[in-house]
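Read the structure below first, then the notes.
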Amino acid sequence: MCNEPPDPLLIHARDAWRIVRDDPRAGRERADAIVEEARELGNTAAEATALRARAWAEREVFDYDAAVGTLARASTLARRIGLAELDAELSAMRASVCLERGSPARARRHVGRARRVLGGASTPNIDLQDAVIEDAAGQLGTAVRRYRQVLDRYAELPPETAFTVHNNLGVILGQIGDVAAADRHLLQAEQLGALVGRSTYGFAVHNHAVLATRSGDLSGALRRFDDAETVFREIGFPLAEHYMERIEALLTLNLLRDAAAIAGRALDELDRADGRMLRGEVRLAHARVLLARGAAADAAVAADRAAHELARTRGAVWHAHAQVLAAEARRCEGTATGHDLRRMRRAAPILAAAGFHLESTDARLLVGRLLLARGRRAEALEELGGVARLSRSRIPLVRLKARLASSLAGQAEHRRDRVTRAAREGLDELERLRQAIPTQELRARASVHGVELASLGLSAALEQGRAGEVLEWMERGRQASTLAVPGAGHDPGVATLLGELREVMARRRGADGAGPEDASRLAREQSVLEARLQRSLRRQTDSPGARRPLVRAPALADALGDRVLIELAEDDGRLVAAVFGRRIHQVHRLGTAAAIDREVETIPFALRRLCRAPTAAGRESARRSLDSSLAALNALIVEPLMDTIGTAERIVVAPIARLFGVPWHALPGLAGRAVTAVPSATAWMRFRELPHAAGTALAVAGPELGSAAEEVRSVAGLHRAGLAMVPPESTVDAVTAAMAAGGLLHLACHGEFRSDNPSFSALHLADGPLTVLDLERLGRAPAVVVLAACDAAASEALPGEELRGFLSALFMLGTRSVIASTVPVPDLESTRLMTELHRGLVAGLDSERALDAARAGLDADDASVVLSVAYAHFGEPTTFDAA
């Protein structure tokens, strides 16, 4: 019997199916052309096959209505000419589309129809759809068995089917904590995806990023997410699902702005499509972002909405996911009810049985908390004890939550030893996680996961009342003592991006009179470059230094000599102070955090009014407001400590992060003393070990600041080895190169603090901005840095008492002493202060005493008051020995 000659059009139709898996847009165009040609020629087999490719392309872009119609037409054609195998495959595809539209029951019916078409037989794709349906319903154990049955049952699988099996198995095994097996399957999926097409390869890389997130490899997760997004963008693939999964990594790293932005983009994309199955998950991810940002009431509403949607489209397991988040949001808001407790007791075993161990742990921990809140101590201890036994889990965040549960149980039992032991173990676990994170910024942000553990340890220490133990937990609550050694400074790609960003920012700064279209275009360019820069930096790895041992009270007291150190922390809504000095080791409870925060917020506003108010009456009002706030802060914080600190002339303050910019030297109780602020007692001990300043005194002027050139020439002229750099010579590259050899740096320029992204806070030089990112790429910085620029000491306060801004970057690079302002200051008058400051340094005063002497020489006018309050000393004082 002779073989039938090959049908060229049918071959092209099958090729269109393969092209769709690589590039949905190109495949769709190819399929459409073949459909038209097949209709003209009456080639029904080619038309039905090409329609199959078109339907997949429609499904890839969430055009489910069109995909359903296309599949129905293709199925009709396949039945007409007796192509049972193709008809069955089309039914399996319809099952996939129905599942993604949120109709699992219809999906099951289409799978059943596919088998009936084949007379009860099956195919790899039909069996695969059975597994996918269980997977989507959250029945992970059943799904794993069915995926493995597909691998065992068929000796050879089509590459696209084998890809889906390995990809989905990798995702599930990662979810339940079998990281090694998950990694093997996802590597296999990446290899198959490279053969099948770019979209499938992109999904394999994307899912490998999800696995990396859950296993604690956050550096690998960020790299793979970026790689997957690059693939998806190249082929015009919708990004909603990619964004949804990326949110977990961003929340783990406490990148809340980024998480909120992509959650919004994902919702917008799905609202334009009919992605009901995904939309519920994205709403749930958005609710997580809201809760992480402190919007508990909004998070509860969003999670309840997601729960309603997921109950219809994904079943009981995903409904339980959303209920856990909604209950946690209400707990944080203080509105959780007994109904929430009952829901959590139902949700925990549902999630555990489905293999969602992290989410099940969250539910059980929440049950324990809610029982404690209701006074049901015995039940709570039983639940918390069960969570505590998960401390050997393969999932890092589960191990952290197990330590938290143990610490909470110890608190309920009034067993201080258990509280502190579990909290120490949890913070050690967090430090191991932080060491695997690629950059100093992200390590700082990840500290959020240790906040409650540190707080529990501190509360236990305060109950005991021993100052040394209180100090230990204050220090454990802030990780600023870890010194990072920059390692990304020589990447040419990053250097190029920084140069492009500098150019755009300089153009924006010089385009004040530009039209709205030009201004908008430049703003978009800057935003795109900033995003590219941060992604590039997060793909690299700097080297965190060995964790410095926390300072102990006896060693601290010996090092302080005649100084007194005041370290602050917050406990149960109040500030507490641990005070140390020679023969001083006391703990004090201070004013409420809310009252202190109110006064702190007033100070920058009053200083700005004092600078800018056009009338004498306005300036007088501003001065009264400033005096009132300083006096109130003094009463809340300093007065309770006066008997302890006595007449000590030198004070070191280690405040909580959000109080770092308080003008401590201007509080009445500390007036006339030399005051410096440091991130922590451990950091202060490190600063003391750094060498005193020596070498060249580099004085740099920025543009558009009338007094800057005069100021830096005056400053440089005072020093024996002084070097002045003014525009156009004071470029970023020239200044950073000179910093490497300098012992002292004085910058007189415009400053800008970016509260939306402190990494791009800038000091404006001749060719554009010197950003925090520029500084972090240097190998070292001068021992003394004077920032005569607006807002140069302003910092973002992160959970875990971490700081982000110029101060933290300089301290990371080994700067010992920084003098800077937290608010805008008058240009001309600051020259007088700065000149006197450097006269003091030349005369042999240390940096702290030199600043005090310069302040003492100011007049009593409004501008001088602003200067006196605004400029503060940070770090450890040092003398300067000119080369």
> Which value results for Rg/Rh of the stretch 573-665 when Rg is the Cα radius of gyration and Rh the Kirkwood radius based on the inverse mean 1/r?
Replying inline: 1.04
> Quick one: if the Förster radius is 51 Å, what FRET efficiency do ARG624 and HIS308 give, using the C-beta to C-beta distance and rounding to 0.05?
Replying inline: 0.40
> Nearest-5 percent of antiparallel DSSP beta bridges in the chain?
Replying inline: 50 percent
> Where does helix 140-153 land angle-wise versus the long Cα axis of the chain, in degrees 0 to 90, nearest 10?
Replying inline: 50 degrees
> Antiparallel DSSP bridges in the stretch 573-686: what percent, to the nearest 5?
Replying inline: 65 percent
>> As I understand it, the dipole of the chain uses +1 on the Cβ of Lys and Arg and -1 on the Cβ of Asp and Glu, about the Cα centre. Which of GLY27, VAL600, GLN435 lies farthest toward its positive end?
In response: GLN435
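Translational diffusion coefficient, Stokes-Einstein: compute it for the stretch 179-268 using the Kirkwood radius over C-alpha pairs as Rh, at 10 °C and 1.306 mPa s, and state it as an integer in µm² s⁻¹.
My calculation gives 121 µm²/s for D.
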>> As I understand it, the value is the acute angle between the Cα axis of helix 179-196 and the longest principal axis of the Cα atoms of the chain; what does it come to in degrees, rounded to 10?
In response: 60 degrees
> So how strong a dipole does the chain carry about its Cα centre when Lys and Arg Cβ are +1 and Asp and Glu Cβ are -1, to the nearest 20 debye?
Replying inline: 2720 debye
>> Given the options SER391, CYS749, ALA45, identify the residue whose Cα lies farthest towards the positive end of the charge dipole of the chain (+1 on Cβ of Lys, Arg; -1 on Cβ of Asp, Glu).
In response: SER391
>> Helix 593-612 against the longest principal axis of the chain: what's the angle in degrees, Cα atoms only, rounded to the nearest 10?
In response: 70 degrees
> For all pairs of alpha-carbon atoms in the stretch 74-190, what percent lies in each bin of width 5 Å, listed from the first bin to the last filled one?
Replying inline: 2, 13, 20, 22, 20, 12, 7, 3, 1, 0
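If I stretch the segment between ARG233 and ALA155 completely, what's the gain in nm (0.36 nm per residue apart, minus their alpha carbon distance), one decimal?
Taking 0.36 nm per residue and subtracting the Cα distance, the gain is 24.6 nm.
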> About the Cα centre of the stretch 619-706, what is the dipole size in debye to 20, counting +1 per Lys and Arg Cβ and -1 per Asp and Glu Cβ, all else neutral?
Replying inline: 100 debye
> What FRET efficiency, computed as 1/(1 + (r/R0)^6) with R0 = 30 Å and r the Cβ-Cβ distance, is obtained for ALA721 and ALA853, rounded to the nearest 0.05?
Replying inline: 0.85
> Which of ALA882, GLY102, LEU698 sits farthest toward the positive end of the charge dipole of the chain, with +1 on the Cβ of Lys and Arg and -1 on the Cβ of Asp and Glu?
Replying inline: GLY102
> Under 12 Å from the 7 Å Cα→Cβ point of ALA613, by amide nitrogen: which residues of the stretch 839-883?
Replying inline: 862-863
>> Exposed loop sites here are GluC sites (Glu not before Pro) in DSSP loop states with at most 15 other C-beta atoms within 10 Å. What is the longest stretch of the chain lacking them?
In response: 157-648
>> For the pair ASP428/GLU639, report the inter-label distance in nm, with labels modelled 7 Å from Cα in the Cβ direction.
In response: 4.5 nm
>> Just to make sure I understand: if all protein chains stay in place, what is the order of ARG416, ARG754, ARG288 by accessible area at 1.4 Å, largest first?
In response: ARG288, ARG416, ARG754
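Using a probe of 1.4 angstrom, how much of the accessible area of the chain is carbon and sulfur, in percent?
50 percent
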> Where does the Debye-calculated log10 I(q)/I(0) of the stretch 58-137 sit at q = 0.21 Å⁻¹, using only Cα point scatterers of equal weight, no solvent?
Replying inline: -0.90
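With every protein chain left in place, what is the accessible area per residue of the chain in square angstrom, probe 1.4 Å?
Accessible area per residue, the chain: 39 Å².
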> Cα atoms only, the stretch 316-449: Rg and Dmax in Å?
Replying inline: 15.1, 44
> Can you work out D for the stretch 605-716 in µm² s⁻¹ from Stokes-Einstein, where Rh is the Kirkwood radius over C-alpha pairs, the temperature is 4 °C and the viscosity is 1.567 mPa s?
Replying inline: 74 µm²/s
> What are the principal axis extents of the Cα atoms in the stretch 93-138, in Å, biggest first?
Replying inline: 28, 15, 13
> What's the FRET efficiency of ARG25 with ARG106 using the Cβ-Cβ distance as r and R₀ = 25 Å, to the nearest 0.05?
Replying inline: 0.35
> Which log10 I(q)/I(0) values, to two decimals, does the stretch 715-770 give at q = 0.18, 0.31 Å⁻¹ under the Debye formula with one point per Cα?
Replying inline: -0.66, -1.29
>> Bin width 5 Å, origin at 0, all Cα-Cα pairs of the stretch 241-373: what percent of pairs per bin?
In response: 2, 12, 20, 23, 22, 13, 5, 1, 0
> Taking the stretch 612-661 on its own, what percent of its Cα-Cα pair distances exceed 14 Å?
Replying inline: 69 percent
> In Å and whole numbers, how far do the C-alpha atoms of the stretch 190-239 stretch along each principal axis, longest first?
Replying inline: 29, 20, 13
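The values are calculated or read from the model by the stated rules, or taken from the named source; none is laboratory data. As the structure is a prediction and not an experimental result, all values here were calculated from the model. Ideal geometry is used to build each Cβ from the backbone, glycine not excepted, and the neighbour counts take in all protein chains shown. Please note that ligands, DNA and RNA were not included when accessible areas were found on the heavy atoms of the full protein model with its side chains. Shrake-Rupley method; radii C 1.70, N 1.55, O 1.52, S 1.80 Å.
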